[in-house]
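The values are calculated or read from the model by the stated rules, or taken from the named source; none is laboratory data. What you see is a predicted model; the values in this text were computed from it and never measured. Backbone-built Cβ (ideal geometry, glycine too); neighbour counts: all protein chains shown.
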């Protein structure tokens, strides 16, 4: 979502979060934000971690380089983190999913008057077959949902976390004579198994449901909703503090990532036992 206007101007939002009955007031200062780089590093047990914050044009090549880098560093397992990613560049999402898939449907698009189009993984574009866990939360949308559902429904890896947001459509902008416009959805995204990512008729079925669901407990949710000043923000969150967003306290455990590492350890143990 974009709030267009002059750089430096302030926009005040009322945000409903989690189980809170009252909205949180958040002041956002408009500014030109550069695209966030793909983050990669090594974790425990020879696990490579790759974090995608957005999928602007060309980002799939950054992800490819990140995968190759952690594999050179000795990665035997991969974690792909698409939490809170809500970019809308279908070609980039398909390209990222194809890095981990050498066959199978990635996503389909179809509408009442929009011809069906199916994107299929190409073997030549796959770069890794390492065991894979995809991290997702309720802020994962659009591109993140395309990637996660492709990995999950092709049995390529586990998707761990919370049900995603549920948005995926092809939109057409129709200008009007008075200068306004109508943004019309003309097609919807379907997962490889044929499920609607954006199910407007039944919102409870929208989004992608992980095969390993991690419920965020009340303590964790409350911590995320704390007003600034009641908890110390971690160094990586200073930019959000400046923007006026509630912060995750220092040393707050990352329960979704921890669960992913646990699942990958269990799968490695099973493979060794079977061998």
Practice item. Could you identify the single residue in 119, 100 that is modelled with pLDDT of 95 or more and under 25 Å from residue 37 (Cβ atoms)? Key: 100
Exercise for review: For the range 88-111, enumerate the residues that are more than 19 Å from residue 156 (Cα to Cα) and either surrounded by fewer than 20 Cβ atoms within 10 Å (Cβ to Cβ) or touching a strand residue (DSSP E or B) at 6+ places or on another chain (Cβ under 6 Å) (or both).
Suggested key: 88, 89, 91, 109, 110, 111
Review point. What are the residues in the range 116-163 that are more than 22 Å from residue 48 (Cα to Cα) and in contact with a strand residue (DSSP E or B) (Cβ under 9 Å, 6 or more places away or on another chain), if any?
Key: 116, 117, 118, 119, 120, 121, 138, 142, 153, 163
Practice item. Being modelled with pLDDT of 85 or more and exposed (fewer than 12 other Cβ atoms within 10 Å of the Cβ) is the filter here, so list the residues in the range 13-30 that pass it. Key: 14, 22, 23, 25, 27
Revision key, fill the gap. Of (1) in contact with a strand residue (DSSP E or B) (Cβ under 8 Å, 6 or more places away or on another chain); (2) closer than 30 Å to residue 269 by Cβ; (3) modelled with pLDDT of 95 or more, residue 45 satisfies every one except (3)
Check your understanding: Which one of these is over 25 Å from residue 42 (Cβ atoms) and free of Cβ contacts under 8 Å to residues at least 24 places away in the same chain: 120, 107, 146, 94?
Key -> 120
Review point. Would you pick out the residues in the range 111-128 that are touching a helix residue (DSSP H, G or I) at 6+ places or on another chain (Cβ under 8 Å) and over 28 Å from residue 185 (Cα atoms)?
Key: 122, 125, 126, 127, 128
Exercise for review: Would you check if there is a residue in the range 214-234 being surrounded by 12 or more Cβ atoms within 10 Å (Cβ to Cβ) and at pLDDT 90 or above?
Suggested key: yes
